[in-house]
Amino acid sequence: PKCLVFQTSICSGHCLTKEPVYKSPFSTIYQHVCTYRDVRYETVRLPDCPPGVDPHVTYPVALSCDCSLCTM
């Protein structure tokens, strides 16, 4: 096994949230999280993969962040 080190940027931080005093089963609460606004995907090639194994791994790189709903 080998270790491959690379750097990327992620989104993290605090977002203003509100917790209602009176909770109702009919109301919907949306909490905002610090998430990606703009993202770019980069691909690296893993060395020494066995034949038949795709050696490419793609990962997100944060270009900007925003407090919004989490998109799955």
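Only the coordinates and a few stated rules stand behind these numbers; no lab work does. Because the structure is predicted, anything quoted here is derived from the model rather than measured. No Cβ is skipped: glycine too gets one built from the backbone with ideal geometry, and neighbour counts run over all protein chains shown.
Label point 7 Å out from ARG45 along Cα-to-Cβ: which residues of region 1-15 have amide N under 11 Å?
none
Quick one: what are the phi-derived ³J(HN,Hα) couplings along region 48-62, Karplus 6.51/-1.76/1.60 with θ = phi - 60°, whole Hz, x for glycine and proline?
With coefficients 6.51, -1.76 and 1.60, one gets 6, 6, x, x, x, 9, 5, x, 9, 10, 10, 9, x, 10, 6 Hz.
Magnitude of the Cβ-charge dipole of the chain, K/R +1 and D/E -1, about the Cα centre, nearest 20 debye?
Details: 6 positive and 6 negative charges, 32 e Å.
Roughly 160 debye for the chain.
With θ set to phi - 60° and the Karplus curve 6.51 cos²θ - 1.76 cosθ + 1.60, what are the ³J(HN,Hα) couplings of region 13-25 in order, to the nearest whole Hz, using x for Gly and Pro?
Per-residue couplings from phi come out as x, 9, 10, 5, 10, 10, 10, x, 6, 9, 9, 10, x Hz.
Tell me which trypsin sites (Lys or Arg not before Pro) from region 10-72 have a DSSP coil assignment and no more than 14 other beta carbons within 10 Å of their own. Could the numbers behind the result be given before it?
On the way: sites: LYS18, LYS23, ARG37, ARG40, ARG45; in loops: LYS18, LYS23.
Sparse-neighbourhood loop trypsin sites (Lys or Arg not before Pro): LYS18, LYS23.
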